[in-house]
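The values are calculated or read from the model by the stated rules, or taken from the named source; none is laboratory data. From a predicted model like this one, the values you see are computed outputs, not experimental measurements. We place every Cβ from the backbone using ideal geometry, glycine too, and count neighbours over all the protein chains shown.
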Amino acid sequence: MSFLLTCPNCGPRNIYEFRFGGEVKTRPDENTVSAEDWADYVYLSKNVCGVQKEWWYHAKGCGTWFAVERDTRDNLPVVKEENEG
Amino acid sequence: MTPRLPESPTQRISRENELLFFYRGKPFKGLEGDTIATALYSNGVRIFSRSMKYHRPRGLYNLDGYSSHCLVTVDGEPNVRGCATPLRQGMWVTPQNVLGSPRWDLMGLMQFFSFAMPVGFYYKAFHKPSWVWPFAQAVIRRAAGLGRIDPEMPEGVYQNRYYNCEVCIIGGGLAGMEAALAAAEGGVRVILLERRDHLGGDLAYRVTRSNEGIPPYRRAAMLAEAVSACENVTVLLCTSATAIYQSNHVTAVKRGGAGDPYRETYLEVRARSVVVATGAIERPLLFSNNDLPGIMQGSCAHRLARVYGIKPGNRMVVSGCHDGMLEMAADLAELGIEIVAVADGRSSGFDTELISNLHRKGIPFLPGTMARKAIGFKRLKGVQLAPTFGNGRKRWYSCDVLAASAGEAPLSQLLQVAGAKMAYDSAAGQFLPGEFPPGIHAAGKVTAARGEETIAAQGKLAGLMALQDLGLGRTSHIRQVREILDVIEKRPAGRHWTAPPVGSRKCFLCFDEDVTTDQVRDAIDQGFDQSELVKRYTAVGTGPSQSYLSGTNLPLLLADQRGLEPGAVLPTTVRPPVFPTSLAALGGRRYTSSKRTPLHEKQAQLGACFRLTGVWERAGSFADAGLSQEVENVRKNVGFIDVSTLGKFRLFGRDAVKLLNRVYAGNMETVTEGRLKYAAMCNEQGVIIDDGVVTRMGESDYFFTTSSLRAGNTLEWLAFHSKEEDWEAHLVNLTDAMAAVNLAGPRSREVLARLVDADCSNEVFPYMAVRRMKLCGEVDALVMRVGFVGELSFEIHVPASYGAALQDALLDAGKPYCIRPFGLDAQSVLRLEKGHVIIGTDTDNHSTLHDIGLSWAWDRKKAGNQTVGAPALRFTETQKHRQKLVGFTMNEAFRTPSDGSIVVADGTVKGRVTSSRFSPTLGRSIGLALVDPDLAVMGGTLEFYTDGRLNRKGLPEIKTFRGTIVPVPFYDPEGKRLRG
């Protein structure tokens, strides 16, 4: 694991500067969700073999959260998803 | 020390600077510029170590740290590569793996029983009955092995460094330097890594000019000078690359020399393009007794003479398979070493100029011939030369040095790690790397290039290609270089040796693990017929020299034994690090970084004993008082504690309240100016992760605190939820910008009143109120009436620069009221008496708000945004199996179970103590425990198991204590003191 990730503020940086924030998921309606569906939302990830959208936090940098699309097979190319800080 | 050869421009020793060092306890002299191995060699030491399994004597073989023969212990550090470690004044060097000395090793008898010790002998012989193995293992471990770790070894300094550049070049030989110069032309940052302590590669010690050119060492010096003159090229010497990872991430280890403050540096280079110009290594020739001291690589003999001015021996035989050996033989003859004969395994493809050179010097040249047997016991006595193929005339030569090699093999390990596949190139007679990942280029001997001009042009091309990766390449330049490469005349490589001429028990394929060709044959007979299988069965290539020496020979030997074509069996997989990296280097500098509060110095003056909690150094207690005195003073008079470590945040912006409502369980719409609200934070599982107080400072402007260790996580947590919803809410971390002190005790109001003009009465400034005040008439302070320790108390927040002054002012104002500081230990007792929980101590990864009695902090009906984890709070509310937090008092008043003691009932674990202390106020031990719901009954008895001392059998003596569940808080249940 030594790939580069592009931070919207700081540009391409070593992956160690970031913290993985999990896959981007849609929160179910909190008022009507069943216990099973909520547990699925909290605990289950898709772990796709391919491109997935995920959250990253530039913990040892500017402290920005951003969502990117990453190919889990080769970590490349990392496509920049959002541009604002 | 024997006299050195006359001075020559290739030498790198300083004759004026003699260095004293110790070997086996005796003083020796070396010269500055020597390595440990060359200094020992010049002192006549020929046997450096004993082999791992058979304790065979081993001498100098290689000078780049690629063989295990020269491993020694230096100043307590085991397994130091003597041949690649510079000599330092006063070094204490000891040989390894010997009983006695390397020359008279008592374990040396092992080699005569080698016939009885086939591969896997130990495991096969000593596993039945099973009780034998632990004893056998102990004996074998002592006999076989490398250096020993000395627990007393003084700690060295190690460090980590991180570099960024556009082009990283690995290898500072001809190709690498040409590549660096070409890339530097592009004006980009270039980093050049060279494993030796100087640039130049093999050019640096060669003097024989090819054609009409300048001598190679001159060329190397000129190039090195040109490279050093480039401001945008950083040269890192003594640096061995250990791997190339994804996105051109190069890792390396740099060894510190005599003047360096560190022993080793682990470094990482992030480059946009990488050029690998690591060169080649001579692969060992396989023949009988090919490990005798006196048998060495040709380049080793050559460098001994040309770099260190040491005669390798008096009578030398050369058996090689590449032109470098022919050049070396003629050059050493020039230096006065008697070359008895030069054999070359090839029958064609030599550089004819080199051969006429040999003839001119009267050295017999035997093409198509190679060493087949060596004799000698502790050192080489003679060599038998015989035709490479077929049965021809065998000749014996007496000699004391044999330079032997079976040709060159590329140092392609880094390329393999990067993903290049190896394939056999029959024209070159080598396994060569192909299909490099994007951004990686190779040049020089690592691609089997031969001849100075080819290598130089290749290096230049690689540098230009690296620039092209950056979008800076000029295709015209690249075309020019390619044309040069095309024009250079290519000589055929000649027929290469691919199989050993003879098999014998003492024909070693792997020196590290004492694996012979016979053993490989046995392995094949048992079905281990691929490189990977033989490697695992015989341990070939798993020793300190990795696969550098045996890596090419193994697949060639396997193919030959199985009657296949040379490339039919492939080498084993190479894995990083390709150069040994010490764990200490990876660990880097040992330092603990900690933060100090603005009151730190002042607290120290009061006798504070600090300890590290999270990132902060905090006062645990104060030297002049006991814990109970600190506690009693808060309960009776007034005390103060430095709470600058609390997370302190300002949150403002249009959506600030939405964000607060999202992360905190309570209804944040109800937070008003001048009032504090206790608020708890949950994650999506409903588990409490933080708590603190929130107040409003103005329109969409809030101030809140978090617990001391959570400031960083809270920042991240709030930023995430704000980003996820795309809200406009700005968070300012004021943790380090503000100092805070909690002034607590029945007299605290009187103390505060002396510092401020404002009315501090209970009517005007009640519990859970917050006021902006001016301290001492000038300092802006935020004063909060909170009650963590269960007394009337004021949390005073001031700008950090006033922290120290605040303590002075408090001590001064509190003097008549017996004010004294208290530390974390006292606070922990005080808050426990009040039954206040510490998140993370009295809660765990499963504790929801309901489990610890904080259900009231959750507003399920609040309008607007739901709390994170609201569904989980709903689902867990009625679950019957959840552990609950209960308070207990001990039945024996002075027994205190240690934190974490288990709660046991009916022989099973039913929970644990989260905090327990002796309460000076109540005169008995109290505590909190997380227990199973069936035990969480008011008035019920809890049984604690706490580990005592170990008994004679080494087992812990378990003690059991009993406690009774009582209502919490233990102290002032009505909260009168808090609100008074």
Give me a count of the residues in region B:422-441 that are in contact with an Asp or Glu (Cβ under 6 Å, 6 or more places away or on another chain) and more than 17 Å from B:Arg272 (Cβ to Cβ). 1
Qualifying positions in region A:49-85 - at the interface with another protein chain (Cβ under 9 Å from one of its Cβ atoms), in a loop (DSSP other than H, G, I, E, B) and modelled with pLDDT of 90 or more: A:Ala59, A:Gly63, A:Thr64
Selection within region B:885-935 - surrounded by fewer than 18 Cβ atoms within 10 Å (Cβ to Cβ), touching a Lys or Arg at 6+ places or on another chain (Cβ under 7 Å) and free of Cβ contacts under 8 Å to residues at least 40 places away in the same chain: B:Ala893, B:Gly900
Output for region B:13-64, where each listed residue is outside any loop (DSSP other than H, G, I, E, B) and touching a His at 6+ places or on another chain (Cβ under 7 Å): B:Ser49, B:Arg58
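Does B:Gly653 meet the test of being touching a His at 6+ places or on another chain (Cβ under 9 Å) and modelled with pLDDT of 95 or more? Spell out the reasoning first.
Working: touching a His at 6+ places or on another chain (Cβ under 9 Å): yes; modelled with pLDDT of 95 or more: yes.
Judged against the criteria, B:Gly653 is a match.
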Take the residues in region B:925-951 that are polar (S, T, N, Q) and part of a strand (DSSP E or B), then tell me which one is nearest to B:Pro969 (Cα to Cα). B:Ser925
Residue count, region B:706-734, condition closer than 19 Å to B:Val643 by Cα, surrounded by 21 or more Cβ atoms within 10 Å (Cβ to Cβ) and within 14 Å of another protein chain (Cβ to nearest Cβ), comes to 2
Given (1) hydroxyl-bearing (Ser, Thr, Tyr); (2) in the same structural domain as B:Cys682 (by TED's automatic domain parsing); (3) out of contact with any Leu (no Cβ under 9 Å at 6 or more places or on another chain), B:Ser855 misses just (3)
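Considering every residue within region B:777-796, establish whether at least one is of a type in the set (Gly, Ala, Ser) and under 47 Å from the mean Cα position of the chain (by Cα).
Step one: list which residues in region B:777-796 are of a type in the set (Gly, Ala, Ser), which gives B:777, B:781, B:787, B:790, B:793.
Still in the running and under 47 Å from the mean Cα position of the chain (by Cα): B:781, B:787.
Scanning region B:777-796 turns up at least one residue that is of a type in the set (Gly, Ala, Ser) and under 47 Å from the mean Cα position of the chain (by Cα).
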Among residues belonging to region B:455-491 that are among the aliphatic types (A, V, I, L, M) and not in a helix (DSSP H, G or I), point out the one that is modelled with the highest pLDDT. B:Leu470
Tally up the residues in region B:718-730 that are in a helix (DSSP H, G or I), touching a residue at least 40 places away in the same chain (Cβ under 8 Å) and either aromatic (Phe, Trp, Tyr) or touching a His at 6+ places or on another chain (Cβ under 9 Å) (or both), please. 1
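Condition check ((1) assigned to a helix (DSSP H, G or I); (2) over 21 Å from B:Ile688 (Cβ atoms)) across all residues:
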residue: B:Pro816; (1), (2): yes, yes
residue: B:Ser828; (1), (2): yes, no
residue: B:Pro871; (1), (2): yes, no
residue: B:Ser898; (1), (2): no, yes
List the strands (runs of 3 or more DSSP E) that sit entirely inside region B:670-717 and contain at least 2 residues that are more than 23 Å from B:Pro871 (Cα to Cα) and not hydroxyl-bearing (Ser, Thr, Tyr). B:688-698, B:701-706
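Here is a yes/no grid of residues against (1) buried (at least 24 other Cβ atoms within 10 Å of the Cβ); (2) assigned by TED's automatic domain parsing to the domain that holds B:Gly382; (3) aromatic (Phe, Trp, Tyr):
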residue	(1), (2), (3)
B:Thr251	no, no, no
B:Gly256	no, no, no
B:Tyr262	no, no, yes
B:Leu267	no, no, no
B:Arg272	no, no, no
B:Val275	yes, no, no
B:Met296	yes, yes, no
B:Tyr308	yes, yes, yes
What do you reckon, is B:Thr960 among the hydroxyl-bearing types (Ser, Thr, Tyr) and under 14 Å from B:Lys884 (Cβ atoms)? no
Taking region B:828-865 and keeping residues buried (at least 19 other Cβ atoms within 10 Å of the Cβ) and either within 14 Å of chain A (Cβ to nearest Cβ) or at pLDDT below 90 (or both) leaves B:Thr848, B:Trp858, B:Asn865
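Report those strands (runs of 3 or more DSSP E) wholly inside region B:237-329 carrying at least 3 residues which are within 14 Å of chain A (Cβ to nearest Cβ).
Details: elements: B:239-245, B:249-255, B:264-270, B:273-276, B:280-282, B:315-320.
Because the criterion is at least 3 residues that are within 14 Å of chain A (Cβ to nearest Cβ), the strands (runs of 3 or more DSSP E) in region B:237-329 that meet it are B:239-245, B:249-255, B:264-270.
In region A:6-21, which residues are more than 10 Å from chain B (Cβ to nearest Cβ) and in a strand (DSSP E or B)?
A:Thr6, A:Cys7, A:Gly11, A:Phe20
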Region B:666-696, subset within 12 Å of B:Ile839 (Cα to Cα) and acidic (Asp, Glu), residue farthest from the chain's Cα centre (by Cα): B:Asp691
Of the residues in region A:26-45, those that are surrounded by 10 or more Cβ atoms within 10 Å (Cβ to Cβ) and more than 10 Å from chain B (Cβ to nearest Cβ) number 3
